[in-house]
Amino acid sequence: MRALCWAGVNELAVQDVPDPAILNRQDVIVRVTASSTCGSDLHLLDGYVPTMMAGDVIGHEFLGEVVEVGPDVRDRRVGEKVVVCSIIGCGRCRNCRAEMWSLCDNSNPDPGFLETLNGHATAGIFGYSHAMGGFAGSHAEYIRVPYGDVNAFPVPEGVADANAVFASDAVPTGWMGADIAGIEPGDVVAVWGCGGVGQMAVRAAYLMGAERVIAIDRFPERLKMAADHVGAEPLDYEKVDVLDALKETTGGRGPDVCIEAVGMEGHGTGAQYAYDRVKQAVRLQTDRGLPLRQAIHACRKGGTVSVLGVYLGFVDKFPMGAVMNKGLTLRSGQQHGQRYIAMILDRMARGEIDASHLLTHPMSLDDGPRGYEMFKNKEDGCVRAVFTP
Amino acid sequence: MVAKRSIALAALAAGGVAALRRARGRAALRPGPAEWFAVTVACDPAELTGVNRPDALAELAEHHEVRISPAPGGRGTELAVHSADGTVREQVRALKQLLETGEVLRMEGQPEGHRTVLGRATLPVARQLMRRGVR
């Protein structure tokens with residue numbers, strides 16, 4: 001079959017690879033019908049995740065049709081249209097049973113790297129390096145899905161593919177950012193990053209009762225999209241001082257909840273941003289932290305900072321003094337998608353959540369390298385390129 | 001000239017040995033790795049003791065000291081193995097997977113694109129290292 005493979009830093013290639021097979025009794029094989037680029041893939045491309053190897057199939061946000069099931073699969077059926085959670089859970093360990101699926105004990109068979117780096121290993125992720133299990137990704141014609149019963153969700157009638165595909169990652173990740181922040185009716189929420197995850201965090205925050213949601217970015221088309229499609233109040237950090245603007249617009253309090261949906265390659269302005277770029281480039285820090293620092297500084301006293309952006313290791317100049325002295329609550333995690341996906345698909349079917357506007361560039365899998373180039377450089381207003389194998 | 005060079009080399013060598021001794025001395029002060037490798041399994045302690053214990057656990061217990069105790073708050077069973085080297089750590093992780101999910105995840109045989117010669121050579125070693133973990 002054809003698949004999009006990582007071939008080196010900033011190098012992708014469509015290659016012929018063997019078809020996947022049922023390797024475990026609870027596996028299902030899915031014929032991929034849509035597979036999206038994701039901002040977190042850019043960290044792989046840019047060489048910041050050290051356990052990638054040339055030949056790895058990437059991609060983790062996808063939709064497809066079940067074409068084969070293992071002998072111990074009980075609920076999934078051949079022919080079902082399913083959306084698959086990008087993060088793999090086993091469904092049986094203590095963390096999965098507690099609905100903290102991205103902390104699964106069993107779905108990352110190669111936990112050593114993360115144990116050394118972080119103290120413990122977290123769940124396996126499709127197409128996201130050998131540190132995350134080394135699972136082949138979804139930018140391919142077919143994909144093996146372990147523990148198929150708990151990781152693949154039937155798509156209800158009437159939900160368009162362009163909407164459902166984002167129930168795999170962008171929507172549940174955004175939802176989780178708002179959920180773990182404990183948003184209450186009347187809250188003012190600020191979201192850093194107007195990519196797919198940030199926009200879906202805005203939508204979730206409103207659905208949870210937020211009074212106002214301010215979205216921060218530098219790309220006019222993304223700010224406009226966040227305003228037009230999910231009702232955000234746009235804030236361009238290249239035009240105004242974010243900290244001043246947030247204080248002013250919240251009567252000096254600061255946002256009740258700050259959601260960071262940017263991650264380790266965040267952009268910014270001024271000397272702090274230049275400092276971060278240099279330190280990351282010479283590997284004196286693995287992750288750039290400007291938006292995260294801003295979120296912590298901006299957050300009201302006693303507020304909550306919810307971190308959705310992907311970080312690998314270490315952020316320099318982390319403002320622990322602000323966290324401690326302002327009594328902030330810091331929440332984070334890779335998405336516990338299995339907790340939310342069925343609910344999100346139901347809301348999509350009822351018209352309460354529509355993520356289809358994120359799909360700005362439908363492309364064939366053969367155009368994968370070009371799609372990532374456009375996505376990375378935000379060419380032609382690209383928010384998400386989605387590949388059809 | 002030769003004598004001067006010899007003295008310089010001897011001084012370097014002496015300095016190197018002293019540095020090595022200091023480094024060893026410091027290393028000796030560092031605590032060593034724990035002697036037990038432990039996991040918590042989401043099961044009742046009774047499943048890991050007595051005649052019904054899994055064969056893989058019985059085999060581990062033949063060669064290693066094994067400690068089984070209930071986790072606090074009824075949160076499963078703590079399983080610890082003494083003197084666990086890389087192979088044993090891999091076996092213990094596999095045992096936890098088997099007990100909790102009914103099978104051990106297989107990764108070999110997945111689709112993959114063109115590996116470099118170096119990649120082909122190092123992947124099995126890297127995977128084994130990551131599977132076992134460094135201690």
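The values are calculated or read from the model by the stated rules, or taken from the named source; none is laboratory data. Predicted, not measured: the structure shown is a model, and the values here were computed from it. Here the Cβ positions follow ideal geometry from the backbone for every residue, glycine too, while neighbour counts run over all protein chains shown. Accessible surface areas use protein heavy atoms only, side chains included; no ligands, DNA or RNA. Shrake-Rupley method; radii C 1.70, N 1.55, O 1.52, S 1.80 Å.
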Kirkwood-type radius of the range A:147-272, with distances r between different C-alpha atoms, in Å: 15.4
Residue-wise HN-Hα coupling along the range A:322-330, computed from phi with Karplus coefficients 6.51, -1.76, 1.60 (Hz; x: Gly, Pro): 5, 4, 6, 6, 8, x, 6, 9, 10
A:Thr249 - accessible surface, heavy atoms, 1.4 Å probe, Å² rounded to 10: 60
Solvent-accessible area buried by A and B, counting both chains, probe 1.4 angstrom, square angstrom: 3000
Alpha-carbon Debye profile of the range A:306-389, log10 I(q)/I(0) at 0.15, 0.20, 0.23, 0.24 Å⁻¹: -0.90, -1.05, -1.08, -1.10
Share of alpha-carbon pairs per 10 Å distance bin for the protein assembly as shown, given as whole %: 4, 17, 26, 25, 16, 7, 3, 1, 0, 0
Distant-in-sequence amide H partners of A:Phe135 (H built 1.01 Å from N, under 5 Å): A:Ile125, A:Gly127, A:Tyr128
Electrostatic dipole magnitude of the protein assembly as shown [Cβ: Lys, Arg +1; Asp, Glu -1; Cα centre; debye, to 20]: 2380
Choice from A:Thr122, A:Thr360, A:Thr37 with maximal GNM fluctuation in chain A (Cα, 10 Å cutoff): A:Thr360
Per-selection metrics, the range B:36-132 (Cα): Rg and Dmax in Å: 16.2, 51
Heavy-atom accessible surface of the protein assembly as shown: percent carbon and sulfur, 1.4 Å: 53
Mean ellipticity per residue at 222 nm, deg cm²/dmol - from DSSP H runs of n ≥ 4 across chain A, formula -39500 (n - 2.57): -8000 deg cm²/dmol
Per-residue HN-Hα couplings for the range A:299-313 [Karplus 6.51, -1.76, 1.60; θ = phi - 60°; Hz; x = Gly/Pro]: 4, 5, 4, x, x, 10, 10, 10, 9, 9, x, 7, 10, 9, x
With all protein chains modelled, accessible area of A:Lys378 [1.4 Å, Å²]: 50
Residues of the range A:170-332: accessible area per residue with a 1.4 Å probe, Å²: 40
Beta bridge orientation in the protein assembly as shown: antiparallel %, DSSP, nearest 5: 60
Residue-level accessible surface for B:Leu99, protein heavy atoms, 1.4 Å, Å²: 50
Loop GluC sites (Glu not before Pro), the range A:85-176 (other Cβ atoms within 10 Å of the site Cβ: 15 or fewer; DSSP): A:Glu99, A:Glu157
List of the range A:111-138 residues, accessible area with partners at least 40 Å² below that of the chain alone (1.4 Å probe): A:His130, A:Ala136
Candidates per chymotrypsin sites (Phe, Trp or Tyr not before Pro) in the range A:250-324, loop by DSSP, up to 14 other Cβ within 10 Å: A:Phe314
